Amino acid sequence: MKFVFFCTNSNFFTPDEINVSYIPECKTEWLKFSQKFNEHTFFIVMQKPGLFLLDKNDLNSEKSVIEISKNLKIIFLPEDAQTENFVKEIQKLNPDMASSITYWISPFDWLSIKDSLIAEKLKQQGIKTFSHPAKTSQICFDKRETREFLTQNSFPCAEGFYVHHEMFFAERRFLSIKENVYKEYVFEKLKNMNFPVVIKDTLGLSSFGMDVCKTFQEAKHVLLSKKNNGDRVIEEFISGLSFGLEIYGHNGNYLFSPLFINSLNQFGLTSPKQNVKLGPVTNEKFHIKSLYEMLYSLSKKLNFSGIAQIDLVFSGGKWYIIEINSRLSGMTQTVASSLGISLYELVFYATVGFDSYSKKLSFLIENSSFTFNMKFPLLQKERLEKLYDYEFVDFVNQIENTKAKQLREAGYAEVIFGREKSLKKLLEKLETIKNDFKTEIEQRFYENAILLAKEIS
């Protein structure tokens, strides 16, 4: 059969700004993938940069087509390629099935919307396509709409409300306004909330631009400051343990990845650069069966098609939905390692191959291994290679922002390791890394890893 994966970009591509290193290289993993499924033909139709799909050399290449193997080619579309350009290119390939491989990009996590629009046009042309409906992608993109969807459908989420930016500062546009009644309304609602509260951008990415305010005065100060430059959602902070998982499937048939617990930063939030992940979580004290039942209902109502990711908090014996991402996530590679397969194999099983390989994927999930995802500060090439030399390390990744003005924006290294059926054995491997990287590993990451292990044991 002939399969097409596609992914888009909305930003100017600046190859010199971001240095990305993958061990093993993407090309190596794509080659292994194509050899494993050599009865099929694959095309990746994409715009650069294609996060997790390409190595730096390929990103800098001026070729319009890269042939990985006889049965796998990467086709690059120009920077200004629109929805119709993708549709025409994929039509020319005449695939049996097509699927989006959506990733995230700053400042707006909206690429799933563009990929959904492509998929809908492909379906109109009679091509079987796996991608979330555009409406679903929009609901997941806009945190105001996410909140409305959750509350209207009685899914548990934090108490809160939406703040319209232009109305909040209406007196700036209309000099005749003596008193901003809407601002007074917002402050009254805010006073009646349980603190701390979280103030977040409705269209932001990850935890960027998010504030945790312990008092009404702190929250009021944030709302009145220059930092408040767009629509906001204000929610009561739910104190508890942070988790995440992915959802795979379509048309009411869904599988759930192993559940992973996440560390939190000093503000009680997950942070991509300061995060430790550990799973699978199987302890019944977390009421996992009821969680899956809730997420199955969520998946059906949103009509997921492909891959989605859910951020969760477990508090007081109850699950709360924090965020929904209609794309690949920072978990995908970690989940793949836990299942003992490559990221590309997981994407294949979860999308175009789902109907044929769902039993295989289900078996892999049921037999997943304990896996850690840990962050390091930026490392030299030889130290990245040293990490990958461990037989128990599956993946090493480093993202470096060469234009960063602050240390916290410079980037990080990521290591994923495990393949253990015993949590005790996994912790022994953590100690091995800690002892060999004494000067590089950040103590808080190590301590977070130990704490997470205690929580799920």
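Structure above, values below:
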| quantity | calculated |
| --- | --- |
| Any hit, region 365-380, residues being among the acidic types (Asp, Glu) and touching a residue at least 24 places away in the same chain (Cβ under 8 Å) | no |
| Within region 287-398, strands (runs of 3 or more DSSP E) holding 3 or more residues that are under 21 Å from the mean Cα position of the chain (by Cα) and within 26 Å of residue 143 (Cβ to Cβ) | 306-315, 318-325 |
| Of all residues making up region 334-359, the number that are over 13 Å from residue 36 (Cβ atoms) and either acidic (Asp, Glu) or modelled with pLDDT under 95 (or both) | 1 |
| Scope region 313-345; condition farther than 21 Å from residue 105 by Cα and not hydrophobic (A, V, I, L, M, F, W, C); matching residues | 315, 316, 317, 318, 320, 337, 338, 340, 342, 345 |
| Residue within region 365-372 that is at pLDDT 95 or above, closer than 29 Å to residue 203 by Cα, surrounded by fewer than 16 Cβ atoms within 10 Å (Cβ to Cβ) and not charged (D, E, K, R) present | no |
| Candidates 279, 316 - the one that is buried (at least 19 other Cβ atoms within 10 Å of the Cβ) and either hydrophobic (A, V, I, L, M, F, W, C) or modelled with pLDDT of 95 or more (or both) | 279 |
| Which listed residue is more than 28 Å from residue 293 (Cα to Cα), assigned to a loop (DSSP other than H, G, I, E, B) and hydrophobic (A, V, I, L, M, F, W, C), from 122, 190, 203, 117 | 203 |
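Let's see how each residue does on (1) hydroxyl-bearing (Ser, Thr, Tyr); (2) surrounded by 15 or more Cβ atoms within 10 Å (Cβ to Cβ); (3) free of Cβ contacts under 8 Å to residues at least 12 places away in the same chain; (4) touching a helix residue (DSSP H, G or I) at 6+ places or on another chain (Cβ under 7 Å):
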{"site": "155", "(1), (2), (3), (4)": "no, yes, no, yes"}
{"site": "160", "(1), (2), (3), (4)": "no, yes, no, yes"}
{"site": "184", "(1), (2), (3), (4)": "no, no, yes, no"}
{"site": "194", "(1), (2), (3), (4)": "no, no, no, no"}
{"site": "222", "(1), (2), (3), (4)": "no, yes, no, no"}
{"site": "226", "(1), (2), (3), (4)": "no, no, yes, no"}
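The values are calculated or read from the model by the stated rules, or taken from the named source; none is laboratory data. Values in this document were obtained by computation on a predicted structure and should not be read as measured data. Quick reminder, even Gly has a Cβ in these numbers, built from the backbone with ideal geometry, and neighbours come from all protein chains shown.
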